[in-house]
Amino acid sequence: MNSSQQPRVIVLGAGIGGLATAAALHAVGIAAHLYEAAADIVPADTGLELGSNANATLRALGVDLNVIGRPARQLEVCGPRGGVIRRMNVADMGVELGAATAGVHRRTLCAALRRAAPNCRVTTGTRAVGFDMPATGGVRVHFADGHHTTGDLLIGADGFDSVVRARVQPARPPITYDQLTWQGTADLRHQRITPGWIGHYWGTGQRFGMIELGGGKVSWWATTTMPAAAAGAWAGTREDVLAHYDGWASEVRAAIEATPRSALVAEPARDRDFGAEWGYGPVTMLGDAAHPMLPGLNHGAAAAIEDAYVLAHSLALQLNGDRDLVAALRHYEHRRIPRTRRLVEESRRLARTGSITNPVLRRGRDIAIGYSPNGLIRRITMDPMRFRVEPLPTVRTGGPARYSGSQGLLR
């Protein structure tokens with residue numbers, strides 16, 4: 001890399017994490033090349049509930065969730081039949097945090113992130129199978145079709161089954177849980193579903209969440225308790241999902257019924273033990289590759305967006321200083337690991353709370369949700385969304401970047 005060049009950044013994965021990385025790097029003046037294993041980039045037909053932290057971060061990247069999505073106003077926590085356990089003013093929380101919680105369709109968000117990175121190259125249908133580090137510096141990525149590419153940095157944004165993670169954390173296998181998650185998006189109008197409304201329904205070993213997206217659309221997710229083996233092998237239908245929610249509130253069943261059969265997404269609940277090593281040399285990870293989370297807390301996508309932003313910030317600081325690329329990645333990891341560890345742990349706690357099957361314990365849970373002091377509930381809800389968005393510096397032209405320490409052999 002000569003003095004007039006910025007680092008050549010290879011990003012594996014063109015989902016939300018990869019696209020957010022491209023947008024963040026573009027904002028500091030660095031172009032990324034994304035490699036996606038799928039033949040086409042067609043995100044799932046699902047929506048996202050993104051907190052204030054994601055909204056503020058995206059806003060700094062030129063993506064306005066208040067325009068492409070729907071700012072949330074009110075959250076209702078309900079029982080299975082729709083009885084309200086607690087109402088929360090989400091709009092007021094957004095004012096305090098500096099940005100609103102918002103609902104957005106996954107495809108809309110991905111398209112906006114792609115527009116925010118006009119200098120980004122995306123190569124699809126190219127599955128990475130490994131990488132090595134030449135003695136001269138940088139990284140060489142190998143693909144299933146036999147070809148390879150070289151760059152100065154490699155960012156693994158390639159999801160739960162990350163190729164990068166498999167080399168960095170080979171001893172951390174998946175952990176499966178007795179829980180299955182469904183997701184869908186539906187055209188639905190219902191008297192209860194007002195602009196900016198979010199509904200969370202807590203049952204016995206089951207949960208259901210819904211957020212209004214605008215334009216008569218809602219996004220929903222549902223979790224139910226079942227043996228891990230059955231969850232991993234589930235191949236049911238929309239009618240099977242409906243059967244799990246027999247007797248639940250009319251809007252819950254209406255959302256499931258209005259979801260196109262082809263758009264129903266089912267995923268078994270799984271994560272990994274948190275690993276404090278995200279990379280070595282000129283390699284690191286972000287999003288689900290680094291810190292997969294159980295469903296329920298709704299911070300997986302937000303955390304990946306934060307990761308991308310902090311990565312770009314750390315890289316820009318180093319390139320405007322002594323231009324040590326390896327130090328930049330380790331600085332990024334040092335900043336992100338404590339926060340993401342807390343989010344992973346909180347996701348597990350919430351998953352356990354949502355999977356309670358004992359009626360007495362379930363009743364105690366509902367009482368706690370309904371009668372806890374408002375200040376406590378606000379703090380619990382808002383704390384995961386507290387994230388400082390520091391201004392991104394623009395990378396100045398300087399001397400050649402360098403790699404601290406030894407490139408080493410793959411461990």
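The values are calculated or read from the model by the stated rules, or taken from the named source; none is laboratory data. No experiment lies behind these values; they were computed from the predicted model shown. Cβ coordinates were reconstructed from backbone atoms using ideal geometry, including for glycine residues, and neighbour counts include every protein chain displayed. Areas reflect the complete protein model, heavy atoms only, side chains present, ligands, DNA and RNA absent. Shrake-Rupley method; radii C 1.70, N 1.55, O 1.52, S 1.80 Å.
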Query raised in the report: So is residue 285 at pLDDT 95 or above, touching a Ser or Thr at 6+ places or on another chain (Cβ under 7 Å) and open to solvent by 10 Å² or more (accessible area, probe 1.4 Å) or not?
Result: no
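Quick grid of which residues meet (1) among the small types (Gly, Ala, Ser); (2) assigned to a helix (DSSP H, G or I); (3) in contact with a Phe, Trp or Tyr (Cβ under 8 Å, 6 or more places away or on another chain):
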residue	(1), (2), (3)
293	no, no, no
296	yes, no, no
301	yes, yes, no
304	yes, yes, no
309	no, yes, no
316	yes, yes, no
328	yes, yes, no
331	no, yes, no
335	no, yes, no
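Quick test for you: out of 230, 222, pick the one residue that is open to solvent by 10 Å² or more (accessible area, probe 1.4 Å), of a type in the set (A, V, I, L, M, F, W, C) and out of contact with any Pro (no Cβ under 6 Å at 6 or more places or on another chain). Before you say what the answer is, go through the steps one by one.
On the way: 222 fails: open to solvent by 10 Å² or more (accessible area, probe 1.4 Å).
Matching residue, one of 230, 222: 230.
For region 161-173, which positions are part of a loop (DSSP other than H, G, I, E, B) and without any contact (Cβ under 8 Å) to a residue 40 or more places away in the chain? Step through it out loud before you land on a result.
Here is the first cut: in region 161-173, the residues part of a loop (DSSP other than H, G, I, E, B) are 161-162, 169-173.
Listed by number, the residues that qualify are 161, 170, 171.
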Requested in this report: Return the residue satisfying two criteria in turn: it lies in region 31-89 and is closer than 30 Å to residue 285 by Cα, surrounded by 16 or more Cβ atoms within 10 Å (Cβ to Cβ) and acidic (Asp, Glu), and of such residues it is farthest from the chain's Cα centre (by Cα).
Outcome: 36
Report summary line: Of the conditions (1) under 21 Å from the mean Cα position of the chain (by Cα); (2) touching a residue at least 12 places away in the same chain (Cβ under 8 Å); (3) assigned to a loop (DSSP other than H, G, I, E, B), the single one that residue 176 does not satisfy is (3)
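Tell me, which strands (runs of 3 or more DSSP E) wholly within region 51-160 include 2 or more residues that are farther than 16 Å from residue 16 by Cβ and out of contact with any Gly (no Cβ under 7 Å at 6 or more places or on another chain)?
Answer list for region 51-160: 74-78, 84-89, 121-123, 128-132, 139-143, 148-151, 153-156.
Residues to consider are 325, 317; find the one that is touching a residue at least 24 places away in the same chain (Cβ under 8 Å), among the hydrophobic types (A, V, I, L, M, F, W, C), under 17 Å from residue 7 (Cβ atoms) and in contact with a Pro (Cβ under 6 Å, 6 or more places away or on another chain). Before you say what the answer is, go through the steps one by one.
Details: 317 fails: in contact with a Pro (Cβ under 6 Å, 6 or more places away or on another chain).
After ruling out the rest, the residue left standing is 325.
For residue 371, are the conditions met, namely being more than 19 Å from residue 100 (Cα to Cα) and at pLDDT 95 or above? Lay out the reasoning, then the answer.
Details: more than 19 Å from residue 100 (Cα to Cα): yes; at pLDDT 95 or above: yes.
Spelling it out, residue 371 is indeed more than 19 Å from residue 100 (Cα to Cα) and at pLDDT 95 or above.
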Query raised in the report: How many of the residues making up region 1-30 are open to solvent by less than 10 Å² (accessible area, probe 1.4 Å) and polar (S, T, N, Q)?
Result: 1
Query raised in the report: In the list 178, 161, 145, which residue meets the criterion of being of a type in the set (Asp, Glu), surrounded by 14 or more Cβ atoms within 10 Å (Cβ to Cβ) and out of contact with any His (no Cβ under 6 Å at 6 or more places or on another chain)?
Result: 178
Requested in this report: Restricting attention to region 120-138, report how many residues are under 12 Å from residue 150 (Cα atoms) and in contact (Cβ under 8 Å) with a residue 60 or more places away in the chain.
Outcome: 6
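Looking at 252, 265, which one is open to solvent by less than 10 Å² (accessible area, probe 1.4 Å) and hydrophobic (A, V, I, L, M, F, W, C)?
Details: 265 fails: open to solvent by less than 10 Å² (accessible area, probe 1.4 Å).
Being open to solvent by less than 10 Å² (accessible area, probe 1.4 Å) and hydrophobic (A, V, I, L, M, F, W, C) holds for just one of 252, 265, which is 252.
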Query - Unmet criterion (only one of (1) out of contact with any His (no Cβ under 8 Å at 6 or more places or on another chain); (2) under 24 Å from residue 356 (Cβ atoms); (3) not in a loop (DSSP other than H, G, I, E, B)) for residue 204 - result: (3)
